[in-house]
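The values are calculated or read from the model by the stated rules, or taken from the named source; none is laboratory data. Since the model is a prediction, treat every value here as computed from it, not as a measurement. Cβ atoms come from the backbone with ideal geometry, glycine included; neighbour counts cover every protein chain shown. Please note that ligands, DNA and RNA were not included when accessible areas were found on the heavy atoms of the full protein model with its side chains. Shrake-Rupley method; radii C 1.70, N 1.55, O 1.52, S 1.80 Å.
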Amino acid sequence: MSKLCVNLPPYSPDYSGCASALFELGGMIVLHDASGCTGNYLGYDEPRWMGSKSFVFCSGLRHMDAILGNDNLLIDRIVKAAESLKPKFIALLGSPVPMVIGADYEGIMHEVEERTGIPSFGFDTKGLAYYGKGISMAVISLIKKFCQKEAVPETERSGINLIGVTPLDFGNKGCEKDFIAFFEGEGITVNCSFSAGHSIEAIKKSVFSKLNLVVSQSGIEVAKFMEKKYGIHYITGTPVGDGGIILSKVKSFLEKGILENEDGREKSSSAAKKVLVAGDQIISRSICQAASKIHADLDFISGTIFDFSKEESRAGDIFIRDETEFRKIVNSGEFAGVVADPLVEELLTESAKKGTKFFPLPNVAVSSKVCWKDTINILGKEMSAFIAKITV
């Protein structure tokens, strides 16, 4: 029962992350479900949906189709739609029901590709993992499908890729444009911004990059894959506020070949009041670093509420596994301040609120459309002002 959500909504699942990573690329996305998961993604996990021209369909899975495994009907529907729309690619995403019957997504889409001649993907998403897994699954498949197979010689590489740029973490206020403008303003070319502000053409150019910058946890597996296959090194960190901390690391590698990926917490005295920053692992840690530069008297602790990578963890980091554990931590009296999605404040008891100040920082993967109009651009003056107001 520890996984039961009482106050918080369920966090965005893998199929939403997968669909989000494909959303801008001109493909046709089909969620294999009875309409519930499709509605969940479009209505609650995709802030870009209104006014978009993206092709997102529901397979319309029915009881007998599920029981009998009627794949031919699904294939015929996909082929018919593709012949009309002429998408750049076709993707079929899974959901809990076809997971139970063991749907062969890759097999289905192999037949679709044979019949249409259009690049096709089958993704075994289940709705049981978080969105980061779906994003990395989609991006790695895109790279395998559209990029050259061989590593580019070192002498032909330049610029960087941004990996893990997603509206599920950063909202829909143009943060990807801010990231690109920030680095290119410093003379650093951004070849591809996975998975917002990109294109298939940009994905093809991504393997010519000298460095991958992973700005959220959803990009870690992608960066590992590209390092193994193409020899592109990566560092982790999000440009927060003025972006100076991560910019210096990027420049250090591009100019000197020095890979600075170790970035522990700023040291504070043992008597310093603690502030918990809860959210994505890399983003939360980056906010802690930026905040520590401004508030030397506070001890900022990063709390991960989604996927957690042990090798990316730093001393003092916390992995918050579920709502039950989250409630226990924020009411423990250990933290004088909590920075998290606005809905997290509902976990605080009345007595805890007297000794713990709450600082709302909307996260689409948590509060969805309830707060996505209030998201803060993490790079720039808005975030710097937010950090400056963290006082306990």
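Select from the range 343-369 the residues that are open to solvent by 50 Å² or more (accessible area, probe 1.4 Å), farther than 19 Å from Ser286 by Cβ, free of Cβ contacts under 8 Å to residues at least 40 places away in the same chain and in contact with a helix residue (DSSP H, G or I) (Cβ under 9 Å, 6 or more places away or on another chain) and list them in ascending order. Selection gives Glu345, Thr349, Lys353. Of the residues examined, Asn40 is one that is outside any loop (DSSP other than H, G, I, E, B), out of contact with any Cys (no Cβ under 9 Å at 6 or more places or on another chain), open to solvent by 10 Å² or more (accessible area, probe 1.4 Å) and not small (Gly, Ala, Ser).
Determine, yes or no, whether Ala340 is modelled with pLDDT under 95 and either open to solvent by less than 20 Å² (accessible area, probe 1.4 Å) or farther than 23 Å from Ser218 by Cβ (or both).
no
Out of curiosity, is Val207 farther than 13 Å from Gly164 by Cα, under 19 Å from the mean Cα position of the chain (by Cα) and crowded, with 21+ Cβ neighbours inside 10 Å? Reasoning before the result, please.
Working: farther than 13 Å from Gly164 by Cα: yes; under 19 Å from the mean Cα position of the chain (by Cα): no; crowded, with 21+ Cβ neighbours inside 10 Å: yes.
So Val207 fails the test.
Select from the range 293-302 the residues that are within 24 Å of Val165 (Cβ to Cβ) and not charged (D, E, K, R) and list them in ascending order. Even if it seems obvious, please write down each step before you answer.
First, pick out the residues of the range 293-302 that are within 24 Å of Val165 (Cβ to Cβ): 293, 300, 302.
Correct list: Phe300, Ser302.
Which residues, counting only those in the range 235-247, are in contact (Cβ under 8 Å) with a residue 12 or more places away in the chain and surrounded by fewer than 22 Cβ atoms within 10 Å (Cβ to Cβ)? Give the derivation first.
First, pick out the residues of the range 235-247 that are in contact (Cβ under 8 Å) with a residue 12 or more places away in the chain: 235-243, 245-247.
Answer for the range 235-247, where residues must be in contact (Cβ under 8 Å) with a residue 12 or more places away in the chain and surrounded by fewer than 22 Cβ atoms within 10 Å (Cβ to Cβ): Ile235, Asp242, Ile245, Leu247.
Look at the range 133-169 and say how many of its residues are closer than 20 Å to Phe306 by Cβ and either among the β-branched types (Val, Ile, Thr) or open to solvent by less than 10 Å² (accessible area, probe 1.4 Å) (or both). Full working, then the answer.
At the first step, the residues of the range 133-169 found to be closer than 20 Å to Phe306 by Cβ are 133-140, 162-169.
Subsequent filtering for residues that are either among the β-branched types (Val, Ile, Thr) or open to solvent by less than 10 Å² (accessible area, probe 1.4 Å) (or both) retains 134-135, 138-140, 162-168.
So the answer is 12.
Of all residues in the range 190-204, those satisfying the criterion of being assigned to a loop (DSSP other than H, G, I, E, B), surrounded by 21 or more Cβ atoms within 10 Å (Cβ to Cβ) and of a type outside the set (A, V, I, L, M, F, W, C) are Ser195, His198.
I'm checking my understanding of the structure. Among residues of the range 170-189 that are part of a helix (DSSP H, G or I) and either more than 17 Å from Ser286 (Cβ to Cβ) or not aromatic (Phe, Trp, Tyr) (or both), which one is most open to solvent (accessible area, probe 1.4 Å)? Per the stated criteria, the residue is Lys177.
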